[in-house]
Amino acid sequence: MSQARQAQAPKPLFEASQPILRVANLEASVKYYVDALGFRLDFHESIASISRGRCAFLLVQGDQGNAGSWVWVGVNDVDLVHAEYLRSGARIRQPPTNFPWAREMQVVDLDGNVLRIGSESQPDQPFGPWRDMHGTLWTQQADGTWVTDRGNG
C-alpha cells in the first residue's frame, strides 16, 4: 500500500472504557453505588451498568475479574466529591490528598474495589502520603523517592 493510501486509510477510534468490577452481591453493590456514591442505574439484568457523568462501570456478581480491583476516576473537584461522600456514608479509604499527578481520594466499595477519584493537583499545597493496596502509607522524599515508615519499599 502506498504512503498516500496509508495516510487516507481509516483509523480505529476508541470511544470509552467501562471497567467491569466483580462483586459478591449484585443487589447490595447496586444499592451502594447508587445511594452512597451517587451513580445512576442504567440497566440491571444478570449484570448491572451504573454511571455518573461520563464514568461508567459494569458490576458482575461472582464473575469476570477479581474483587479488589483499582480504577481511576477523574472529576472536576475531588473536594466536592469528598464532602458529598461524607454526607452519604461512602467508605472513604483516604481523604483528598495532594500528589504530583493529582489531588485524589480513595473510596472502597463493598467488595474491596478501590476508586481513586481525583482532580488537578494543587501546586501551592504540599504533597501528602500515598496509601497502597495493603494500607501502607508512603511519603515522597525531597529527592522524589517514596518511602514507608518501614523504610524504603
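One residue alone among 119, 49 is under 16 Å from residue 21 (Cβ atoms), surrounded by 11 or more Cβ atoms within 10 Å (Cβ to Cβ), in contact with an Asp or Glu (Cβ under 8 Å, 6 or more places away or on another chain) and modelled with pLDDT of 95 or more, and that residue is 49. Residue 68 meets the conditions (1) assigned to a strand (DSSP E or B); (2) over 30 Å from residue 123 (Cβ atoms); (3) in contact (Cβ under 8 Å) with a residue 60 or more places away in the chain in every case but one. The failed one is (1). Going by the conditions given, is residue 95 under 17 Å from residue 137 (Cβ atoms) and either in contact with a helix residue (DSSP H, G or I) (Cβ under 7 Å, 6 or more places away or on another chain) or hydroxyl-bearing (Ser, Thr, Tyr) (or both)? It is true that residue 95 is under 17 Å from residue 137 (Cβ atoms) and either in contact with a helix residue (DSSP H, G or I) (Cβ under 7 Å, 6 or more places away or on another chain) or hydroxyl-bearing (Ser, Thr, Tyr) (or both). When segment 60-87 is filtered for residues that are of a type in the set (Asp, Glu) and surrounded by 14 or more Cβ atoms within 10 Å (Cβ to Cβ), only 79 remains.
Given the condition assigned to a helix (DSSP H, G or I) and surrounded by fewer than 19 Cβ atoms within 10 Å (Cβ to Cβ), answer yes or no: does some residue in segment 88-107 qualify? Yes: one or more hits.
The values are calculated or read from the model by the stated rules, or taken from the named source; none is laboratory data. These figures come from a predicted structure and were not determined experimentally. Virtual Cβ from ideal backbone geometry, glycine too; neighbours counted across all protein chains shown.
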